[in-house]
Structure formats: structure tokens, C-alpha cells
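The values are calculated or read from the model by the stated rules, or taken from the named source; none is laboratory data. Quick caveat, the model's predicted, so the values are computed rather than measured. Glycine also receives a Cβ, built like all others from the backbone with ideal geometry; neighbour counts cover every protein chain displayed. Heavy atoms of the whole protein, side chains included, go into the accessibility calculation; ligands, DNA and RNA do not. Shrake-Rupley method; radii C 1.70, N 1.55, O 1.52, S 1.80 Å.
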Amino acid sequence: MADNTERQRWMGVLAKSNAVAIEARLADAPALPPHTRLRGPETGLVMVRGRAGGDGAPFNLGEMTVTRCAVRLADGTVGHAYLAGRDARAAELAAALDAALQDPARRPALMAAVVEPLAAAQSEAREREARRAAATRVRFLAMETTR
């Protein structure tokens, strides 16, 4: 069984991926073991809570659409997935991958073929967005020089 931080990492990467991206990476990976659905994929709403200023009193910000799925492999390993949005296929693939990644024999190949490339693509997209935002940054020199 993987330690919690490693599992949190791969589940975070899978939760931020869509079905097209996961399926594209699975094409170059070892086949996933057969699974049966325990729950879903089901789409519903969750309440998002916020805090004023990050540390104030909590308040209900609004609702968010979430899709969840749980699967079981033939060996009894259970995989779970919760994703923002309505991508039922991505939720099922993420749950199946979560279950398969819990097997130490399967983990290295699936991490190298699926999770690491997805994580790299997500990191590149974040960096690209940060560069784009930085290009529009406005510096108020008058404010900086009077401090």
C-alpha cells in the first residue's frame, strides 16, 4: 500500500485531469485490471465554504458540481475518485487508476506512463498561465518610491 502523501499526489493529479487526457496516457501504459463499479459515477453538488481574508469566520460561498466513483478490482482493492465537474468517464478512469496504483507491482509503470506525464502537463499549464498573467502586471512606481 502506498503512503498517504504519495496517494494524495496521484489522486490530486487524476482529479485535475479530463477523460481525454487520461485515455491518451493510458494508450501507452499497461492495461488496467478489470474492475466492477461499487458506486457511480454519480454527479451531485457540494457546498464550498470560504473565509473572509483567509482566516475570518467561515461562510457558504456556493455550490460546486462534483462527480464521484468507486470501483473494486478482482483482488478486492478499492479505488475512489472525486472530480470537479460532470466528467463521468474521467471519474471512473481515475478510480480504476487509484485502485491499480495501490498495487506496488503495477505502480511504477502506471506512474511513469500516466501520472507523471499528466502532472508535467498540469505544471506546464500553470507556468504558462503565470507567465501570461505576469505579462499584464502593472507596477505603480510612484507608490513604490514613496515608501
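Among the residues of the stretch 49-62, is any modelled with pLDDT of 95 or more, under 20 Å from Gly85 (Cβ atoms) and not small (Gly, Ala, Ser)? No - not one qualifying residue is present in the stretch 49-62.
Among the numbered conditions (1) part of a loop (DSSP other than H, G, I, E, B); (2) surrounded by fewer than 16 Cβ atoms within 10 Å (Cβ to Cβ), the only one that Val20 does not meet is (1).
Yes or no: Arg37 of a type outside the set (S, T, N, Q), in a loop (DSSP other than H, G, I, E, B) and surrounded by 11 or more Cβ atoms within 10 Å (Cβ to Cβ)? It would help to see each step written out before you state the result.
Numbers: of a type outside the set (S, T, N, Q): yes; in a loop (DSSP other than H, G, I, E, B): no; surrounded by 11 or more Cβ atoms within 10 Å (Cβ to Cβ): yes.
No.
Of all residue pairs spaced 6 or more apart or on separate chains, those with beta-carbon atoms under 6 Å, a first member in the stretch 67-95 that is over 10 Å from Ala15 (Cα atoms) and touching a residue at least 40 places away in the same chain (Cβ under 8 Å) and a second member that is open to solvent by 40 Å² or more (accessible area, probe 1.4 Å) and part of a strand (DSSP E or B) are Leu73/His35; Val78/Arg72; Arg86/Thr43.
In contact with a helix residue (DSSP H, G or I) (Cβ under 8 Å, 6 or more places away or on another chain) and modelled with pLDDT under 95, is that true of Arg106?
Details: in contact with a helix residue (DSSP H, G or I) (Cβ under 8 Å, 6 or more places away or on another chain): yes; modelled with pLDDT under 95: yes.
The answer is yes for Arg106.
Residue count for the stretch 1-17 under the criterion of being under 18 Å from Asp103 (Cβ atoms) and part of a loop (DSSP other than H, G, I, E, B): the result is 3. Of the helices (runs of 4 or more DSSP H) contained entirely in the stretch 55-147, those carrying at least 2 residues that are open to solvent by 50 Å² or more (accessible area, probe 1.4 Å) and not β-branched (Val, Ile, Thr) fall at 116-135, 141-145. Being touching a strand residue (DSSP E or B) at 6+ places or on another chain (Cβ under 8 Å) and assigned to a helix (DSSP H, G or I) is not true of Met47.
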